[in-house]
Amino acid sequence: MTFDVQQARSHFSALKSGFIFADNAGGSQCAKDVADKVYDYLLNTNVQLGADYSVSVLSTTKVTVEAPKVAAKLFNCSPDEIIFGPSSSANMENLARSLDASIEAGDEFILTGEHEANNGPFKKLAARTGAVVKFWRPTPTNPSNPYSVALKTDELLPLITSKTRIIAFTACSNILGSIVPVKEVVEAARKAAKKEGADKVQFSVDCVAYAPHRLIDVKDWDIDYCVFSFYKVYGPHTSALYVRQHTLDKLSSIVHHFLKVDTKAHKLQPGGPGYELVYGTTGVVPYLESLTPEGTLKATFAAIAEHEQTLVEPLLKFLTAPAQVERGVRVVGREEAGLTRVPTISFVVVGQKPLKSKAVVDFFDKKGGIGIRYGHFYAYGLIDNLEPKIDPEDAVIRISLVHYNTVEEVTAIIETLKEALS
Ligand SMILES: Cc1ncc(COP(=O)(O)O)c(C=O)c1O
């Protein structure tokens, strides 16, 4: 697999400063190809959509034809199944609102209690309709580290009953960094649901922390809803939501009553999305496709996965070395590297000489040159359910890398970690 990290880096102006961006799960840098599109839109076609004069016709094409076509490539779906919104949180809240009329008291939702974006809207939907919420929680994978948690399919299946309507989980947690085998989970859950006589189960998969690292395939996964945020995938602050066409047809519209959008994705876009940002997203796929000679998303994501292992391995090796374990370092998430692990790595420092996560990050900030962060990262339910308890406000130290990070940067991060932990 050919992957030239320096060529990838050349698309990001901010990387030239030498600052080490290691908070990418919070938001990645934006590729120049994307910024160029935003600039082009604002300076040349910044008019209201839907009019018949030539410039409006051009903007309408950019935003409602070109952008959904590109987003559809990232989901492997039809452009008609794409909804743009300001954020994944807003997209999910809008989706849940449109489900109000189809949920009955006693229906059951199974949530994982990870990032609130794919949890809160369903919890509020349950409160509005009398549905019941159950949790499929991540559990330890290494008996000697209680924080080495991951979702396990076997622990989901017993929660499924004849009343199950929605199963919502992440394809990759923004804290744990391990990839959930979505296709396998959905297949097993559908089988269990059929056995229970549940014939209306829908799957909602949060791909926000997955999309920068692996290729989504909603058709292969056989899911109903999927969301990610372009600002984590080298693009602007906007989000795309996939809704399966036959599901979309049945959802209630949440836009102004006089708009005729009954079967269209627009029915989930109240007020419309930010035009220049939506058009800006069309720069993401060409950037990704430029990363490998094959010029395909499949080849690019395979190369990304391989390169990212060179970042995951030294970090996990350092954090799980006997000296660090003795020091009190505990990885939060799976401890093993491998293709089911992305370079989003969280940990805490407990034991005889515990350290606040804030103190470790403060050390980095004082030293300068590397951006990492601490906290619950809005996966409050996940952090709050870890045992032994950790303070959810202080939560974890997170180092989150992507394909444009280098092995040399990881070495620098490890050197600073050594000082911070000493
Ligand atoms: C896993 C995950 N889901 C959802 C979100 C929310 O995305 P947005 O900020 O676009 O609402 C985030 C943001 O950090 C995330 O990491």
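So, ALA211, is that one farther than 29 Å from GLY26 by Cβ and outside the structural domain of PHE377 (by TED's automatic domain parsing) or not?
Answer is no for this residue.
Name the residue that is farthest from HIS256 (Cα to Cα), counting only residues in segment 83-114 that are within 16 Å of the ligand (Cβ to nearest atom) and assigned to a strand (DSSP E or B).
Let us first name the residues in segment 83-114 that are within 16 Å of the ligand (Cβ to nearest atom), namely 83-97, 111-114.
Next, only the ones that are assigned to a strand (DSSP E or B) stay: 83-85, 111.
On the way: ILE83: 16, PHE84: 17, GLY85: 16, LEU111: 31 Å.
Ranking the qualifying residues of segment 83-114, first place goes to LEU111.
Suppose we keep only residues that are within 16 Å of the ligand (Cβ to nearest atom) and in contact (Cβ under 8 Å) with a residue 60 or more places away in the chain within segment 179-204. Which one would you say is surrounded by the most Cβ atoms within 10 Å (Cβ to Cβ)?
If we take residues in segment 179-204 being within 16 Å of the ligand (Cβ to nearest atom) and in contact (Cβ under 8 Å) with a residue 60 or more places away in the chain, then SER204 is surrounded by the most Cβ atoms within 10 Å (Cβ to Cβ).
Could you figure out which of (1) surrounded by fewer than 16 Cβ atoms within 10 Å (Cβ to Cβ); (2) in contact (Cβ under 8 Å) with a residue 40 or more places away in the chain isn't true of GLY368?
Only one criterion in (1) surrounded by fewer than 16 Cβ atoms within 10 Å (Cβ to Cβ); (2) in contact (Cβ under 8 Å) with a residue 40 or more places away in the chain is unmet by GLY368, namely (2).
Can you pull out the residues in segment 127-150 that are surrounded by 22 or more Cβ atoms within 10 Å (Cβ to Cβ) and either outside any strand (DSSP E or B) or among the basic types (Lys, Arg) (or both)?
Scanning segment 127-150 gives TRP136, PRO138.
Results for (1) polar (S, T, N, Q); (2) surrounded by 21 or more Cβ atoms within 10 Å (Cβ to Cβ); (3) within 13 Å of GLU276 (Cα to Cα), shown as yes or no for each residue.
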site: LYS16; (1), (2), (3): no, no, no
site: ILE20; (1), (2), (3): no, yes, no
site: VAL38; (1), (2), (3): no, yes, yes
site: TYR53; (1), (2), (3): no, no, no
site: THR61; (1), (2), (3): yes, no, yes
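Which of the residues belonging to segment 373-422 are under 21 Å from the mean Cα position of the chain (by Cα), closer than 28 Å to CYS30 by Cα and aliphatic (A, V, I, L, M)?
Across segment 373-422, the qualifying residues are ALA379, ALA395, VAL396, ILE397, ILE399, LEU401, VAL402.
From the list THR340, THR344, which one is in the same structural domain as GLN309 (by TED's automatic domain parsing), among the polar types (S, T, N, Q), away from the ligand (no atom under 16 Å from the Cβ) and crowded, with 16+ Cβ neighbours inside 10 Å? Before the answer, list the steps.
Numbers: THR344 fails: away from the ligand (no atom under 16 Å from the Cβ).
The unique qualifying residue is THR340.
Could you grab me the full set of residues in segment 267-304 that are among the small types (Gly, Ala, Ser) and buried (at least 20 other Cβ atoms within 10 Å of the Cβ)?
GLY280, GLY283, ALA303
State the number of residues belonging to segment 217-230 that are within 14 Å of LEU74 (Cα to Cα), surrounded by fewer than 24 Cβ atoms within 10 Å (Cβ to Cβ) and either within 13 Å of the ligand (Cβ to nearest atom) or among the charged types (D, E, K, R) (or both).
Count: 3.
Just need a number here: residues in segment 40-65 that are closer than 24 Å to ILE223 by Cα and not polar (S, T, N, Q). Please lay out each step first, then the result.
Looking only at segment 40-65, we keep the residues that are closer than 24 Å to ILE223 by Cα, and these are 64-65.
So of that shortlist, the ones also not polar (S, T, N, Q) come out as 65.
Final tally of qualifying residues: 1.
Confirm whether LEU386 is in a loop (DSSP other than H, G, I, E, B) and farther than 16 Å from ILE175 by Cβ. Working first, answer last.
Numbers: in a loop (DSSP other than H, G, I, E, B): yes; farther than 16 Å from ILE175 by Cβ: no.
Considered against the rule, which asks whether it is in a loop (DSSP other than H, G, I, E, B) and farther than 16 Å from ILE175 by Cβ, LEU386 comes out as no.
Out of the residues in segment 160-178 meeting the condition of being more than 11 Å from the chain's Cα centre (by Cα) and more than 18 Å from ASP107 (Cβ to Cβ), tell me which one is nearest to the ligand (Cβ to nearest atom).
Filtering first and then ranking leaves LEU176.
Looking at this structure, is TYR234 in contact (Cβ under 8 Å) with a residue 40 or more places away in the chain, aromatic (Phe, Trp, Tyr) and part of a loop (DSSP other than H, G, I, E, B)? Let's see the steps before the verdict.
Numbers: in contact (Cβ under 8 Å) with a residue 40 or more places away in the chain: yes; aromatic (Phe, Trp, Tyr): yes; part of a loop (DSSP other than H, G, I, E, B): yes.
So TYR234 passes the test.
The values are calculated or read from the model by the stated rules, or taken from the named source; none is laboratory data. None of the values given here were measured: they were computed from a predicted structure. Neighbour counts run over all protein chains shown; Cβ positions are idealised from the backbone, glycine included.
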